[in-house]
1. Considering only residues of region 271-286 that are at pLDDT below 90 and surrounded by fewer than 12 Cβ atoms within 10 Å (Cβ to Cβ), which is farthest from Val232 (Cα to Cα)?
2. Of everything in region 245-261, what is outside any helix (DSSP H, G or I) and open to solvent by 10 Å² or more (accessible area, probe 1.4 Å)? Give them in sequence order.
3. Please name all residue pairs, on different chains or six or more residues apart, with Cβ atoms under 7 Å, provided the first residue is in region 85-99 and is farther than 18 Å from Ala20 by Cβ and the second residue is outside any helix (DSSP H, G or I).
4. Any idea which residue in region 15-32 is surrounded by the fewest Cβ atoms within 10 Å (Cβ to Cβ), counting only those that are in a loop (DSSP other than H, G, I, E, B) and on the phi < 0 side of the Ramachandran plot?
5. Going through region 216-271 one residue at a time, which ones are touching a Pro at 6+ places or on another chain (Cβ under 6 Å) and polar (S, T, N, Q)?
6. Report the residue count in region 52-83 for those that are assigned to a helix (DSSP H, G or I), open to solvent by less than 10 Å² (accessible area, probe 1.4 Å) and out of contact with any Phe, Trp or Tyr (no Cβ under 8 Å at 6 or more places or on another chain).
7. Which one of these is part of a loop (DSSP other than H, G, I, E, B) and in contact with a helix residue (DSSP H, G or I) (Cβ under 7 Å, 6 or more places away or on another chain): Ile276, Ile264, Ile308?
8. Take Ala242 and decide whether it is farther than 29 Å from Ser197 by Cβ and crowded, with 22+ Cβ neighbours inside 10 Å.
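The values are calculated or read from the model by the stated rules, or taken from the named source; none is laboratory data. Here the structure is a predicted model, which means the values were calculated and not measured. A quick note on method: Cβ atoms are made from the backbone with ideal geometry, for glycine too, and the neighbour counts reach across all protein chains shown. Areas reflect the complete protein model, heavy atoms only, side chains present, ligands, DNA and RNA absent. Shrake-Rupley method; radii C 1.70, N 1.55, O 1.52, S 1.80 Å.
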Amino acid sequence: MQLDEAKLDFAYKYPFSKEAKEIIESMGISSISDAYLKSAKSQIELALGGRIEYKRTNISSVKLDYILNYAYCRMLLSAYANLGAIRKYAEAEAARSAEALSYGSEEELLALGRELNVRIEKRFKPESKGEFALRFDEFLKYASGAKGMSLVNQKLDAGAIVLEWNEAVKFMELAIRSKISEGLPAKVSELPKEVLSFAKLSQLRMPIINATKGAVQRGWIERLLNTPIPDVRHRTVNLILAPYLVNVKGLSPEEASKVINDYIARCKELNPDTRITEKYVEYQCNYAKRKGTKPLSEQRARELLSGIVDIWND
């Protein structure tokens, strides 16, 4: 297969791009690779640890592998349906692309802006070398609330936000993060059965999460979220999952409801006999938010789930 090296390099740096999609389509892949699923799982776990490194290379096969790996990561993240993992992956992958961009040119940044539908322009004033102009609303769309991107600290000129090179790269990282998050998780019905089977049999190694400083570690709940159960699901939702997702992980009731509904859908594949509805899940997440409830302790959860699931690190 003959590939345009410039296009391949762009796709390698920005695997969410249309160039990357075109390359994958041109490869005519017709089956799911177990090796790539394992590689994608490792990549996701790297992201959960906080970093995916950008490695500069001229080897075409390495670039192709990374582009394919990204596609598998998206499928696998959708199969796991863990919003926390999706968020961490998007952050780490976006940081990698931003690192790649930091070595690039102004023309590359503008090309990436077109890819992301971000209206960022080069300033062509004698005193503006290395500066970019961005519409006010475009800046707020991605940078509002982002650390180090406070609007009051930005330079304004003729109604536009003016960014120097490093600031522009940071802004693009935020736009990339949003792009990567789009469409995740995909619907279960859209995923190959091989991906779903792999996710069922291969749990993510989640980092241990503390509710507050000095609080009891609750990594077991993350393992529970990746382990469908055939029974005790009503009490698992209202006593463990809803309080954990809303009041420990800080998800909104809407985000938490989606995580739980996706989890229950996977549980129903083990045993479809359940009266849990989306309305029930929504109520429990809103109730947890309103009352500030905390999930069961590990000891009480062990009692509740005894004989149902083994997620403990003994």
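1. Ranking the qualifying residues of region 271-286, first place goes to Pro272.
2. Quick first cut of region 245-261, residues outside any helix (DSSP H, G or I) only: 249-252.
Hits for region 245-261 are Lys249, Gly250, Ser252.
3. Taking only residues 6 or more apart or on different chains, the pairs are Ala85/Leu204; Ile86/Leu184; Ile86/Pro185.
4. Ser30
5. Result: Asn271, single match.
6. So the count comes out to 2.
7. Only one candidate passes the filter, namely Ile276.
8. no
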